[in-house]
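Peer 1: Dropping a structure here in structure tokens format, bear with me for questions.
Please treat every number below as a calculation from the coordinates, not as lab data. On a predicted model such as this, the values are computed, not experimentally measured, just so you know. Cβ atoms come from the backbone with ideal geometry, glycine included; neighbour counts cover every protein chain shown.
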Amino acid sequence: MSDDKKSTTVDAEMKAAAALTTKVLAIGSWTAKATPETRPPVMPFEARDTMRLQLAGKIDQWFAKTDGSGAVFLMNVTDPAEAHALLEVLPLGRAGMMTFELIPVGPLWPLGLLLRTGQIEPAGPASGRKARAGALTIHLQGERP
């Protein structure tokens, strides 16, 4: 394939990847209604319903923010509106105790620049370099060993 056609293909792939949403990152924060007194009675129900969403495949991973200010979910949905609808019916959402910032995420499309400027191949005996687990060698155009 000529360099012009390869560049056009890579540009199209990067554009498609940039527009692709594969998950939604939901960053939750406590509201003023979530006081040390009001949270404990709700938390067993919140944990149970959140676990149900995970078992249904809607939540891929969940975390507590290390500063204690809320939760973070990596959700297996492609539409922020769907993520919002799922989170708002959780007990903390219904009680107005937590709000979420919803961030659609997708492939790290700038990596496509590597496809445009060179090629990636595994390190190893053929490259003349010592390989270590998961190591890659990047050769830019015109820099073949």
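Peer 1: For residue 63 and residue 38 in the same chain, what is the full-extension length gain: residue separation times 0.36 nm, less their Cα-Cα distance, in nm?
Peer 2: Extra length from residue 63 to residue 38 when fully extended: 6.9 nm.
Peer 1: Now, a different point. Calculate the FRET efficiency for residue 51 and residue 85 from the Cβ-Cβ distance with a Förster distance of 30 Å, rounded to the nearest 0.05.
Peer 2: In this case the efficiency is close to 0.95.
Peer 1: Ok, one more. Which distance in nm do the two modelled labels at residue 9 and residue 105 give, with both placed 7 Å along the Cα-to-Cβ direction?
Peer 2: So the label points at residue 9 and residue 105 sit 3.0 nm apart.
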